[in-house]
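Here's the structure we're looking at; comments come further down.
The values are calculated or read from the model by the stated rules, or taken from the named source; none is laboratory data. Everything numeric in this text was worked out from a predicted model, so none of it was measured. Note that each Cβ is placed from the backbone with ideal geometry, even for glycine, and that neighbours are counted across all protein chains shown. The accessibility values were calculated without ligands, DNA or RNA, using every heavy atom of the protein model including side chains. Shrake-Rupley method; radii C 1.70, N 1.55, O 1.52, S 1.80 Å.
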Amino acid sequence: MDKYVIRGGRPLQGAISISGAKNAAVAIIPAVLLVEGVCRLENIPQISDVDMLLTILEGLGAKVDRLDGSTVEIDATDVHFVDAPYELMQKIRASYYFIGSMLGRFGMAKTTMPGGCNFGLRPIDQHVKGMTALGATVEIKDGFVYANTPDGMLHGSKIYLDKVSVGATMNIIIAASRGRGRTIIENAAREPHIVDLANFLNSMGADVRGAGTDTVKVYGVDRLHGGTYSIIPDQIEAGTYMTACAAAGGEVRILNVIPRHLECISAKLREMGVTVVEGEDSVLVRSNGRLRPVSVKTLPYPGFPTDMQPQVSTALCLAGGTSMVTEGVYDNRYKYMNELRKMGADVSVDGCVAVINGVEALNGAEVKACDLRAGAAMVIAGLCAQGETSIVDIHYIERGYENFVGKLQALGADITHVKDEAPAAAAAE
Ligand code: UD1
């Protein structure tokens, strides 16, 4: 099995550049199905989730031209409603965006139920509620989602989401873009990638207003045209390197970021005693020795992101006192704590609350990546630990971090990717 081997104890020094946002790219690529004309997407992260989504689009008849690593041209003019590569769809969470984009383009959809990291129950009832409000009939049967419209198109409607859901907000925006009339989404999620999706759609001729607030209005248009769009930098990738520097020590300049998107993370790191200096499109992170314990509660944006919870909890394992972390989005996102215990962490979990008593040092151990961000957390633990840490199930990590090992090596980390002949398959968030 492939693994990362890390010899810990080296502070991180230098500069790295952040890639395009995974959670924006994985919505925008399925949304290209709505576009007639050539879409040139820039700043696409080179991660396996993106590869799988592009392959799914090709399976639906789109022409996909991977120009260089981070630029791709997609022409979905001649797509047809055919069976998609379902074995790929069921591996990734973001395949649920094909429900919205197929409905918008074909007036019908057939997808698998989404896969993804297992954080407990992850229903798609709010997606279904949205599509139903737009006039579709949706049936979930034998692991597939079937959706249909009586007259071949969706019709604008008012939808109040019972739960602030990133995926449902984006899926309804995608679907409604080529529906007829006005759709209003209330209690919408406000994450930066929702604004990015809206900007992408608008630059192709859609009319989406209010993205980034809790009320989004979508005025359906007859067609979307091609164009060029550059995806925003990845908030969570940046936050992961910021936290790695905070935990392992050193000074790192993180380039190609939107500092405003990082404010919730920067503020928490400052509370932990770390210096964070914002530039125009960069942040400088400097460790000032042992971290201070803090309380963290994850919430939808602009709250502290759940996708940063494992990384920050891991850093807090080495803080000078007791921290309390409350997971406010998912009901089961602490499985990785068992792995941290193998490294000497003093953590206890009760429901959605983790109590972390900081220890003087973590010890290298053999651990696994339980999911994408938990895997990143293990890497941070390994960077801080005394001795050697090896991490298996790294396919999770590689689904969401472009060139993780190379970027850390550039910062002076002693980390290597030890390859095995037979890679395993898995699912990401
Ligand atoms: C997306 C991200 C994921 C991130 C999460 C929250 C992708 C591919 N994944 O996941 O990295 O952790 O946002 O920022 O972009 N819920 C329901 N019914 C629904 C939908 C969601 O009950 O129909 C619940 C979920 O179980 C969860 C909460 O709402 O407890 C938030 O989920 P949501 O924001 O939808 O997350 P995802 O879109 O799955």
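Pairwise over distinct Cα atoms, reciprocal of the mean inverse distance: report the Kirkwood radius of the stretch 87-156 in Å, one decimal place. Please list the in-between numbers first.
Numbers: mean 1/r = 0.0821 Å⁻¹.
This gives a value of 12.2 Å.
Could you pull out every whole DSSP H run in the chain that spans at least 30 Å of Cα extent along its own axis and averages 1.0 or higher on the Kyte-Doolittle scale? Span-like helices in the chain: none at all. Our helix-only sum for the chain, with -39,500 (n - 2.57) per DSSP H run of n ≥ 4 divided by its residues, gives a mean residue ellipticity at 222 nm of -8500 deg cm²/dmol. By accessible area, using a 1.4 Å probe on protein heavy atoms only, the chain has 47% of its surface on carbon and sulfur.
Explain nothing, just the number: relative contact order of the stretch 1-104, from Cα pairs under 8 Å at least 6 residues apart, as a whole percent. Computed over the stretch 1-104, the figure is 29 percent.
Let me know the longest stretch in the chain that avoids all trypsin sites (Lys or Arg not before Pro) found in a DSSP loop with at most 15 other C-beta atoms within 10 Å. Within the chain, the longest run free of exposed trypsin sites (Lys or Arg not before Pro) spans 1-162. For the stretch 22-230, lysine pairs with C-alpha atoms less than 22 angstrom apart, excluding pairs fewer than eight positions apart on the same chain, total 13.
Around the Cα centre of the stretch 10-110, unit charges on the Cβ atoms of Lys, Arg, Asp and Glu (plus for the first two, minus for the last two) sum to a dipole of about 440 debye.
Any idea what % of Cα-Cα pairs in the stretch 22-230 are farther than 20 Å? Beyond 20 Å sits 51 percent of the P(r) for the stretch 22-230. Of all DSSP-defined beta bridges confined to the chain, some 70% are antiparallel rather than parallel.
About its Cα centre, how strong a charge dipole does the chain have in debye, to the nearest 20, once Lys and Arg get +1 and Asp and Glu get -1 at the Cβ? Around 800 debye, computed over the chain.
Tell me the GluC sites (Glu not before Pro) within the stretch 347-409 that lie in a loop according to DSSP and have at most 15 other beta-carbon atoms within 10 Å.
Here the GluC sites (Glu not before Pro) that fit, given the DSSP loop and packing criteria, are E360.
For the stretch 270-303, the list of GluC sites (Glu not before Pro) that fall in a loop by DSSP and count at most 11 other C-beta atoms within 10 angstrom reads E280.
Count Lys and Arg as plus one, Asp and Glu as minus one, and take only other residues whose Cβ is under 9 Å from that of V221; the net charge is then 0. Cα convex hull, the chain: 122 Å³ per residue, rounded to a whole number.
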